[in-house]
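Readers should treat all values here as calculations from the given coordinates under stated rules, not as data from a laboratory. No experiment lies behind these values; they were computed from the predicted model shown. Glycine gets a Cβ as well: all are built from the backbone with ideal geometry, and neighbour counts include every protein chain shown.
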Amino acid sequence: MISVTGLTKKYGRFVAVDNLSFDVREGEVLGFLGPNGAGKTTTMRMITGYMPPSSGRVKIGGNDLYDRPVEAKRLVGYLPENPPVYPEMTVRRYLRFVAALKDVPARRLRAAVDRAIERARLGEVANKRISKLSKGLCPSGKPA
């Protein structure tokens, strides 16, 4: 589903990511491990189209991220440590907003949001404003 080939990111002469290649098949879970500065965040930003690579290619669901960005981005979700969210929105409203951006049909929107809330165990905080949530929130909705 995700194919990364020769991904490289340079900042001047500094190489943050060097010729990275891997595939992630549907149903697989992949994690990046490494010390600060190893290139984990830079790699994720390139894979999600948030940042262009210096060289290399990314395909998501067979769609080249740089030739067919809309089609590729519809197939991937990414929640960075500091997400660009709207703190005044409730969790439920934000999920509706993102679902609409992902072109979830209006007739399926409510069910899709409800399913996401259930799967992420966010029921107790679904109607709270994002600005009121703790980063240390457990799936139960209680602080860690």
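Worth pointing out:
- Reachable aspartates and glutamates from Lys59, criterion Cα separation under 17 angstrom, eight or more residues apart if same chain: Asp23, Glu26, Glu28, Asp67, Glu71
- Here's the picture: a label point sits 7 Å out from the Cα of Met1 along the beta-carbon direction, and within the stretch 50-71 the residues with their amide nitrogen under 12 Å of it are 60-62.
- Average projected area [Cα convex hull, the stretch 91-132], square nanometres: 2.8 nm²
- Charge dipole magnitude, Cβ of K and R +1, D and E -1 - the chain, Cα centre, debye nearest 20: 540 debye
- When the Cα positions of Gly39, Val125, Ala106 are compared along the charge dipole of the chain, Val125 comes out farthest toward the positive end, with charges on each C-beta of Lys, Arg, Asp and Glu.
- Counting only alpha carbon atoms, the long axis of helix 106-119 and the longest principal axis of the chain meet at about 90°.
- Theoretical gain in end-to-end length, Met89 to Asp18 [0.36 nm per residue, Cα-Cα removed]: 21.7 nm
- Using only alpha carbons, the chain has a radius of gyration to Kirkwood radius ratio (Rg to Rh) of 1.01.
- Shape category assigned to the stretch 2-73 from the gyration tensor of Cα positions, a/c cut at 1.5: oblate
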